[in-house]
Amino acid sequence: MAAPAAGPGPGSPGRRRRRPKEPAGGQPPPTRAELAAAAERTLPDVIAPDLDVLFVGINPGLWSAATGRHFARPGNRFWPALHRGGFTPRLLHPSEQDALPGHGLGITNMVARASARADELTPAELVAGAEILTGKVERYRPRWVAVVGVTAYRIGFARPKATYGPQPESLAGARIWVLPNPSGLNAHFTPETLGAAFAELRAAATAAG
């Protein structure tokens, strides 16, 4: 019996190429050129007066800067951890970031400029960023400031022995909590343990409220 004729190959005119699937939120992923162009770009804060918790990232990644959305890179676990921790009633997509103040939450960054990796930042940038953050906290008066990255907190605020969790010092009247970096590169924390760390902050913020 003769073998069945082969279908059209990958390069043949009869086969249609599939377009890359758009992620949730309806925005196609940025191209390599768009990511490269996003270096040094800044990202507006998601902030309002009298928030329960102001989350502080280290600095925007290129994916976030290119899309205008915080913690937007696929594989970043901030949004799932926010939901696992009980801060949001459902898992939000980065495109829904403007809904956060309605939940008493906000996002800013220690350093405004975008880079491919957080380790590209200099200690001087983190120290200057801590001073800028202090001014934002004085202006917006959140109850809690949650720095998402212990190394950035240690350098920026000259607290070399700081660990995760609540800090003994305050910032312009706000309590400080240090959370793990939710980047997918942080293999020390699983989605479950990261969610548990966020839940601890949620419990403390609720109890103090």
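The values are calculated or read from the model by the stated rules, or taken from the named source; none is laboratory data. None of the values given here were measured: they were computed from a predicted structure. Neighbour counts run over all protein chains shown; Cβ positions are idealised from the backbone, glycine included. Ligands, DNA and RNA are excluded from the accessible area calculation, which covers all protein heavy atoms including side chains. Shrake-Rupley method; radii C 1.70, N 1.55, O 1.52, S 1.80 Å.
For the range 81-110, the tally of residues that are open to solvent by less than 20 Å² (accessible area, probe 1.4 Å) and hydroxyl-bearing (Ser, Thr, Tyr) stands at 2.
Conditions tested, residue by residue: (1) in contact with a Phe, Trp or Tyr (Cβ under 8 Å, 6 or more places away or on another chain); (2) among the basic types (Lys, Arg).
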site	(1), (2)
Arg41	no, yes
Pro49	yes, no
Gly75	no, no
Pro89	no, no
Leu92	yes, no
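Only one of the numbered conditions (1) in contact with a helix residue (DSSP H, G or I) (Cβ under 6 Å, 6 or more places away or on another chain); (2) closer than 26 Å to Ala66 by Cβ; (3) assigned to a loop (DSSP other than H, G, I, E, B) is not met by Arg113, and that is (1).
Given the structure, is Arg113 in contact (Cβ under 8 Å) with a residue 60 or more places away in the chain and open to solvent by 10 Å² or more (accessible area, probe 1.4 Å)? Yes, satisfied. I'm checking my understanding of the structure. Among residues of the range 62-95 that are of a type in the set (S, T, N, Q) and in a loop (DSSP other than H, G, I, E, B), which one is nearest to Ala196 (Cα to Cα)? Out of the qualifying residues, it is Thr88. Scanning the range 25-71 for residues that are within 25 Å of Pro123 (Cβ to Cβ), among the polar types (S, T, N, Q) and open to solvent by less than 40 Å² (accessible area, probe 1.4 Å) returns Asn59, Ser64.
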